[in-house]
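Notes follow the structure.
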Amino acid sequence: MKIERSVLSVPGSNWKMIQKGVASEADVALLDLEDAVPPGIKAEARSVVVSAFTELSWGGKPRTFRMNALDTPFFYRDLIDIVEQSKGAVDLIIIPKVNRPEDVYVVDTLLTQVEAGLGMERQIRLEAQIETADGLVNCEAIARSSDRLVSLIYGPGDYSASVRMPSGSIGVMDEWDQLYPGHRYQYVMHRILAAARVAGIRAIDGPFGNFRDEEGHRKSCLIARSMGFDGKWCIHPAQIPTTNEVFAPSVEELEWAQRVIAAYEEANEKGLGVVALDEKMIDAANIRMARVTVDLARAAGMLDEDEQS
Ligand code: COA
Ligand code: MG
């Protein structure tokens, strides 16, 4: 998976929505067995997910599901039944409510045995949701807990519940946010982001629950992007285009980055470490920022693979 701007959550029990999600423009479509599936139909939903992995064409999308958390009686069957019955077709598993690195270790160890039993040569990748107070205070260790781990995901609804922050809707700014000076979740999000960056993995923002409020969703995407997040969950297909747009550089951002790199290289050739461009100071820090933009543009397919800047 080159890029993970948009991650569409699809109830794992809903075949119609699964077909739509798999065919969507989202970078990832995750089939959810956790909160979108009531306890009475977890087993039934597993077979729907297996059918989706074995019968549908996923194009370039990783075959992904969200298991139930480790403190439920469902999690081990989610892993064993789905991976075995899909005959190794699974690419990515999302673990909700990760509280400590040992939670990832349990999943990693179990998967190692299931993969060996199937004779799988590649490893299934993992993503960990940080959405509890425990998960947050352990997120640095969680981020480094397994070679399989490719992302930390911030879970705004469960996190609010875990620390008893009042919130009427998942990931949505409400009257509490109007009175709070600053962004109520800034600390949580930035801590997750820094933990992910230290481990060299992605940081993904959780969903914006008011799926008819396009402007609110865009703002939520922009806040996460401004903090450095790589992508965001979507709960409705209508949220995908904005998410894909916001989590890739704009043409203007890319052009500026390319101009910065060119101007700086030219300055270096003349023996200069600092140069002015459009009345802005450019030094080595600007180059590092510009390279982040160019790398992101390349991952989003805005540049040829071999184009250097
Ligand atoms: N994935 C795939 N398709 C979806 C979808 C999703 N998450 N959400 C909506 N759709 C489809 C609908 O089936 C409908 O398809 P149709 O036009 O072919 O009938 C179309 O998109 C428009 O849906 P709409 O009528 O606007 O919404 P809805 O009332 O059917 O669904 C929700 C609203 C919130 C119930 C639904 O979006 C949903 O279940 N989202 C995912 C929830 C989830 O996964 N939560 C757990 C993780 S946070
Ligand atoms: Mg959650």
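With Cα atoms defining each centre, segment 17-50 and segment 142-190 are spaced 23 Å apart in the structure. Solvent-accessible area assigned to carbon and sulfur over segment 6-246 amounts to 53 percent, based on a 1.4 Å probe. Spherically averaged projected area of the convex hull of Cα atoms, the chain: 17.8 nm². With a Cα cut-off of under 21 Å and a minimum spacing of 8 residues unless on different chains, the lysine pairs in the chain number 14. Within the accessible area of segment 251-309, the carbon and sulfur atoms contribute 51%, probe 1.4 Å, all protein chains present. Secondary-structure-derived ellipticity at 222 nm for the chain, considering helices only, amounts to -14000 deg cm²/dmol, per-run term -39500 (n - 2.57) for DSSP H runs with n ≥ 4.
Judged by the mean number of other Cβ atoms found within 10 Å, the most tightly packed of the peptides 20-31, 204-215 leads the ranking 20-31, 204-215.
When each of the peptides 270-276, 43-49 is scored by the mean number of other C-beta atoms lying within 10 Å of its residues, the order from highest to lowest reads 43-49, 270-276.
Taking a ≥ b ≥ c as the square roots of the Cα gyration tensor eigenvalues, segment 224-309 comes out prolate, since a/c reaches at least 1.5 and a/b is larger than b/c. For the chain, the dipole from Cβ point charges (+1 on Lys and Arg, -1 on Asp and Glu) about the Cα centre works out to 520 debye, to the nearest 20.
Looking at the chain, the accessible area is 48 square angstrom per residue; that uses a 1.4 Å probe and ignores ligands, DNA and RNA.
Extent of segment 251-299 along its three principal axes (Cα atoms, max minus min coordinate, largest first): 32, 18, 15 Å. Note on segment 133-282: Cα-only Rg and Dmax are 18.7, 58 Å.
The values are calculated or read from the model by the stated rules, or taken from the named source; none is laboratory data. Everything numeric in this text was worked out from a predicted model, so none of it was measured. Virtual Cβ from ideal backbone geometry, glycine too; neighbours counted across all protein chains shown. Ligands, DNA and RNA are excluded from the accessible area calculation, which covers all protein heavy atoms including side chains. Shrake-Rupley method; radii C 1.70, N 1.55, O 1.52, S 1.80 Å.
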